Amino acid sequence: MRYPNPLQLNTGGSADSVASWEGQRREELLSEFRENVYGQSLPLPTEQTFDVTEAEVDGIVRRNVTISVTGPEGTGSFDLRLFLPKADRPPLGTFLMIDHRGSVGDSPSASSDYAPIPTITEAGYAFAQIDAEQIAPDESDGYRSPIIDLFHPEGEDLPDDAGRAISAWAWGASRAMDYLETDPDIDPARVAVIGHSRGGKASLWAGAQDTRFAAVISNNSGSTGAKPARRGDGGVGAETVERINDSFPHWFPQTYRAFDGDEDALPVDQHELLALVAPRRIVVASATDDANADPEGEFLSYVAASRVYDLYGLGDTGLPSPDWKPATDTGFRGPAMSYHLRSGGHGLTAADWRTYLDGDLFSREPSGDGRR
Ligand code: GCU
């Protein structure tokens, strides 16, 4: 497979320094991803307010925040839930989940392996969640939503290059970050955006664009997440660009359809999305039996992204070898890159969370417990 070189400038030559990466190449890639893959993002709200209520549930402080945003067509809102650890010292960091399953309720004890709130808070971290469906519905005929309609006149078709659900979810994570920056108990320099599968595609896109996220977690994100498009079905029946566009026409802009069956024509590939997180921490997690997501492809993408981390002297992937297949159920951690391959199928499980909670994600030190 031919990977585009992430450092190759569109104007010729190579971005061989942090200055040319940040000053030119990064912007080139972001605009190519916007035009061809994820679509143009919703603009910043002209006005934004946060309405916070607090309660203590099962000994855990929970804040429910109504985020109200205003665009040219009016004002709408969506919710953020924030759960704080009990400890009397500041949280070690915050996991902000783009939750596409609507599976987080007001009670932390009603949580699941996918969002194990008591485990997360007991480990000393805060947990925040936005419900993706409140921002854009996950329905193939419903890519409009009250939030999208604040910025696009109702009754008018979205432009072909307008982002749809995945882009809107990523935008929602940035609005959640706007709130977290104001919360007295949260250190905004230690926020990880996390998503599983379709949520992982959105968390990568959020983290690529919004440099406030100190860590970006892709859990089994697969096609149009960490998996390189050019691998096609990866020889294992993985989801191709054509298949994802056919099955989920509400996730990406119309412009992405031009690459159905023609991935080589894409000006970018997904390792460059991971690279856009540099020098912040990128976390890629795959599962051995998750063929649809192409675990080998996700691994190769992770390794290929290190080329950009190298510019910062942070290209150590933590892996003993750049060759597939690494040991399973082992967390590999470099100063700014983390990877694990869980045995089993598609999912965000207790084992994945254990790797994140033990993974010292907010530190560049070789190891340690990350405590301040
Ligand atoms: C489907 C889809 C994937 C997606 C997954 C999920 O399997 O093909 O692209 O990641 O759903 O969100 O669980």
Solvent-accessible heavy-atom area per residue, rounded to whole Å², over segment 1-139 at 1.4 Å: 43
Cleavage-rule hits, GluC sites (Glu not before Pro), segment 24-122, DSSP coil, Cβ neighbours within 10 Å at most 15: Glu73
Segment Thr70-Asp16, length gained on full extension (0.36 nm per residue, minus Cα span): 15.3 nm
Computed FRET value (nearest 0.05) for Gln24 with Asp316, which takes r as the C-beta separation and R₀ as 41 Å: 0.95
Qualifying trypsin sites (Lys or Arg not before Pro) for segment 56-141 [loop in DSSP, other Cβ within 10 Å: at most 15]: Lys86
Anchor Lys201: aspartates and glutamates whose Cα lies under 13 Å away (excluding residues fewer than 8 positions away in-chain): Asp99, Glu298
Size of charge dipole - segment 267-372 - debye, nearest 20, with Cβ of Lys, Arg +1 and Asp, Glu -1, no other charges: 460
Cα-projected label distance for Asp289 with Ser247, points at 7 Å along beta-carbon direction, nm: 1.7
Dipole in debye (nearest 20) - the chain, about Cα centre, beta carbon charges: Lys, Arg +1; Asp, Glu -1: 1080
Between segment 99-162 and segment 17-60, the Cα center-to-center distance that results, in Å: 15
Net charge of neighbours whose Cβ lies under 12 Å from the Cβ of Gly155, counting Lys and Arg as +1 and Asp and Glu as -1: -4
Under 19 Å from the Cα of Lys325 - lysines, other chains or at least 8 residues apart: Lys227
5 angstrom amide H check on Thr224, placed H, neighbours 5+ away: none
Using θ = phi - 60° and Karplus 6.51 cos²θ - 1.76 cosθ + 1.60, couplings along segment 67-84 (whole Hz; Gly, Pro as x): 9, 9, 10, 10, x, x, 9, x, 10, x, 8, 8, 10, 10, 10, 10, 10, 9
Gaussian network model of the chain, springs between alpha carbon atoms under 10 Å - residue of Pro335, Pro228, Pro43 with greatest fluctuation: Pro43
Accessible surface of the chain [probe 1.4 Å, protein heavy atoms]: carbon and sulfur percent: 45
Using θ = phi - 60° and Karplus 6.51 cos²θ - 1.76 cosθ + 1.60, couplings along segment 106-112 (whole Hz; Gly, Pro as x): 6, 9, x, 6, 7, 7, 10
Relative contact order of the chain, defined on C-alpha pairs under 8 angstrom at six or more residues apart (%): 15
Dipole of the chain, positive end: most advanced residue of Trp251, Val284, Leu314 [Cβ charges, Cα centre]: Leu314
Per residue, in Å², the accessible surface of segment 158-267 once ligands and nucleic acids are set aside, probe 1.4 Å: 26
Paired Rg and Dmax values of the chain, which use every Cα atom, in angstrom: 19.4, 59
Sparse-neighbourhood loop sites, trypsin sites (Lys or Arg not before Pro) in segment 1-47 - DSSP loop, at most 14 other Cβ within 10 angstrom: Arg2
At R0 = 25 Å, FRET efficiency that the Cβ-Cβ distance of Leu44 and Asp185 yields, to 0.05: 0.50
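The values are calculated or read from the model by the stated rules, or taken from the named source; none is laboratory data. The structure presented is a predicted model; accordingly, all values stated were derived computationally and were not measured. Heads up, the Cβs are rebuilt from the backbone with ideal geometry, glycines too, and the neighbour counts pull from every protein chain shown. Ligands, DNA and RNA are stripped out before the accessible areas are found, and what is left, the full protein with its side chains, is counted by its heavy atoms. Shrake-Rupley method; radii C 1.70, N 1.55, O 1.52, S 1.80 Å.
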